[in-house]
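What follows is one structure encoded as structure tokens, with my remarks underneath.
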Amino acid sequence: MKDLNKILEAISFAADRHRNQTRKGISKIPYINHPIRVAKILTDVGENEMELLIAAILHDVIEDTTKSQEEIKALSNVILSKFGEEVLFTVLEVSDNKSLPVEERKRLQVIHTPDLSERAKKLKIADKISNIEDIRKDPPENWEQKRKLAYLDWAKQVAEGAIGLNKKLDQYFDQVYNETYSYLKSVN
Ligand code: ZN
């Protein structure tokens, strides 16, 4: 019951932080659908550790709902007091430094992922699975096939640095990657 309460608190907190945001896709679905999906992917493959699931629900709040170092610090303190240091550490591990250009951030994700904690690695794979699903089901309007395929390639490079901890999760990534790759090629 205590765990359930924490999960719901995390969903409520993330929903509030992301309240004015939508996903990049044409349908403009609420942003919160994505972190909930990431946590669900993890439970689907047998992951049930509270810190991991709460970090999954909160994984984009620092990267996507802060604009300055001060805001990051303030939000980190809130996460620390509400959800503890394990959760905060994991969320910070998977947060890109937004002051860097997008291409550099992407390059760094590939380089740094093998050095992440086990929790952060699992979260990374689930995050990429959800993003690939969205690219197939609800892609951004201006993304051409080439850009979608480039995203897939990059996501695979990141995931390759994180595999080996949960076989079902690794297989889930491969399945979604392969299906989406074939689908994109077939409509190309
Ligand atoms: Zn995400």
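Below are the figures for this structure:
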read-out	value
Checklist (1) under 15 Å from the mean Cα position of the chain (by Cα); (2) surrounded by 15 or more Cβ atoms within 10 Å (Cβ to Cβ); (3) farther than 28 Å from G161 by Cβ applied to T22, failing item	(2)
Residues (touching a helix residue (DSSP H, G or I) at 6+ places or on another chain (Cβ under 7 Å) and within 11 Å of the ligand (Cβ to nearest atom)) located in the stretch 15-31	H18, R23
Boolean, V78 is modelled with pLDDT of 95 or more, within 16 Å of the ligand (Cβ to nearest atom) and within 18 Å of E9 (Cα to Cα)	no
Residue match in the stretch 100-108 (condition: within 14 Å of the chain's Cα centre (by Cα) and on the phi < 0 side of the Ramachandran plot)	yes
Condition check for K122: within 16 Å of the ligand (Cβ to nearest atom), surrounded by fewer than 14 Cβ atoms within 10 Å (Cβ to Cβ) and in contact (Cβ under 8 Å) with a residue 24 or more places away in the chain	no
Lone unmet requirement of (1) polar (S, T, N, Q); (2) under 19 Å from E63 (Cα atoms); (3) surrounded by 14 or more Cβ atoms within 10 Å (Cβ to Cβ) for N97	(3)
In the stretch 92-132, the residues that are assigned to a helix (DSSP H, G or I) and of a type in the set (A, V, I, L, M)	L92, V102, L108, V110, I111, A120, L123, I125, A126, I129, I132
I135 vs. criteria touching a Lys or Arg at 6+ places or on another chain (Cβ under 6 Å), assigned to a helix (DSSP H, G or I) and aliphatic (A, V, I, L, M)	yes
Of all residues in the stretch 38-74 being surrounded by fewer than 20 Cβ atoms within 10 Å (Cβ to Cβ) and within 16 Å of the ligand (Cβ to nearest atom), the one that is farthest from V102 (Cα to Cα)	K40
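Yes/no per residue for (1) surrounded by fewer than 15 Cβ atoms within 10 Å (Cβ to Cβ); (2) hydrophobic (A, V, I, L, M, F, W, C); (3) in contact with a Lys or Arg (Cβ under 7 Å, 6 or more places away or on another chain); (4) closer than 28 Å to T22 by Cβ:
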{"site": "P101", "(1), (2), (3), (4)": "yes, no, no, yes"}
{"site": "A150", "(1), (2), (3), (4)": "yes, yes, no, yes"}
{"site": "L169", "(1), (2), (3), (4)": "no, yes, yes, yes"}
{"site": "Y181", "(1), (2), (3), (4)": "no, no, no, yes"}
{"site": "K185", "(1), (2), (3), (4)": "yes, no, no, no"}
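The values are calculated or read from the model by the stated rules, or taken from the named source; none is laboratory data. Since this is a predicted model, take the numbers as computed values, not measurements. Backbone-built Cβ (ideal geometry, glycine too); neighbour counts: all protein chains shown.
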